[in-house]
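A short reminder: the numbers here are calculations on the coordinates, not readings from a lab. The structure displayed is predicted, hence computed values, not measured ones. All Cβ positions, even for glycine, are placed from backbone atoms using ideal geometry, and neighbour counts span all protein chains on display.
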Ligand code: CDP
Ligand code: CDP
């Protein structure tokens, strides 16, 4: 039997991390934040003094980056070269500004496709990102796309005290050639602009029940 995966995709600050974390908590499944993996690689690129537009230098650096994963408190924890990054490092203005450029680079995406698919060895997953239902696990029957208007999302980010040009990242993420942000085929689309987090989680849990989860 294949390990079940719930795929949650959507643009920046749509609420996918908060929703995925709560759904995973309710089901007792492992929560996986794939955006943090792109952020970790971006942090390493910036630490190495490489420009985020320098695809050749990033491609040369990539094989030297060691990624390791373990489940802690129901969440997939990732280390880069044995270093666990803080939330402040992962969400710094520098990383926010560079991550969508680094995420376009084919070697970076190829590396993370295989790393993310391999995580099923850790158990049933609730995985969120941009290409989970379209590329990483296209065959899963449990797909969600969480959206919200750009205005609402910019407001959510600002109220988290973070400097983040969400509109610019959305544009880069939606227009890139390789694994762009799309509503995956078969995904349930939830517009969270006017919904609380609790309401979005209830929608997702109700849909999962209809799909036989929890079994
Ligand atoms: O939390 P937020 O939506 O702001 O971003 P994130 O999920 O941490 O992702 C950061 C960036 O990584 C995105 O803007 C994408 O450029 C990239 N990403 C991706 O390309 N594919 C994924 N599965 C997840 C993130
Ligand atoms: O992972 P993503 O970037 O899509 O969003 P998030 O980090 O889960 O959510 C961004 C912020 O919006 C958090 O502070 C959430 O609590 C908030 N939020 C909200 O106020 N209402 C919702 N329906 C969803 C998220």
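Of note:
- Each of 152, 99, 23 was scored by other Cβ atoms within 10 Å of its Cβ. Listed from fewest to most, they are 152, 23, 99.
- Rotationally averaged projected area of segment 75-118 (alpha carbon convex hull; nm²): 3.8
- Of the peptides 2-13, 62-73, 109-120, the order by per-residue mean of other Cβ atoms within 10 Å, starting with the highest, comes out as 2-13, 109-120, 62-73.
- Every pair of different Cα atoms in segment 100-146 enters the Kirkwood calculation, which places the hydrodynamic radius at 11.6 Å.
- Each 5 Å bin, from zero up to the one with the longest distance, holds this percent of the alpha carbon pairs of segment 126-215: 3, 12, 19, 22, 21, 13, 7, 2, 0.
- Estimated [θ] at 222 nm from DSSP helical runs (n ≥ 4, -39500 (n - 2.57)) normalised by residues in the chain, nearest 500: -12500 deg cm²/dmol
- Contact order for segment 40-95, expressed relative to its length and based on alpha carbon pairs under 8 Å spaced 6+ residues apart, stands at 32 percent.
- Working from Cα pairs under 8 Å separated by at least six residues, relative contact order for segment 15-141 is 37 percent.
- Angle in degrees between helix 106-117 and the longest Cα principal axis of the chain, rounded to the nearest 10: 40
- All Cα pairs of segment 11-100, percent lying beyond 15 Å: 62
- Angle in degrees between helix 166-175 and the longest Cα principal axis of the chain, rounded to the nearest 10: 90
- Short-range pairs are left out: with C-alpha atoms under 8 Å and at least six residues apart, the relative contact order of the chain is 33 percent.
- Averaging over all projection directions, the Cα-based convex hull of the chain occupies 11.2 nm² in the image plane.
- In the chain, the longest principal axis of the Cα atoms and the axis of helix 35-47 are about 10 degrees apart.
- Beta bridges assigned by DSSP with both partners in segment 57-215 are antiparallel in approximately 65 percent of cases.
- Label reach from residue 194 (point 7 Å along Cα→C-beta): in segment 129-164, amide nitrogens under 14 Å belong to 148-149.
- For the chain, built as a Gaussian network whose Cα springs stay under 10 Å, the top-fluctuating residue of 171, 16, 143: 171
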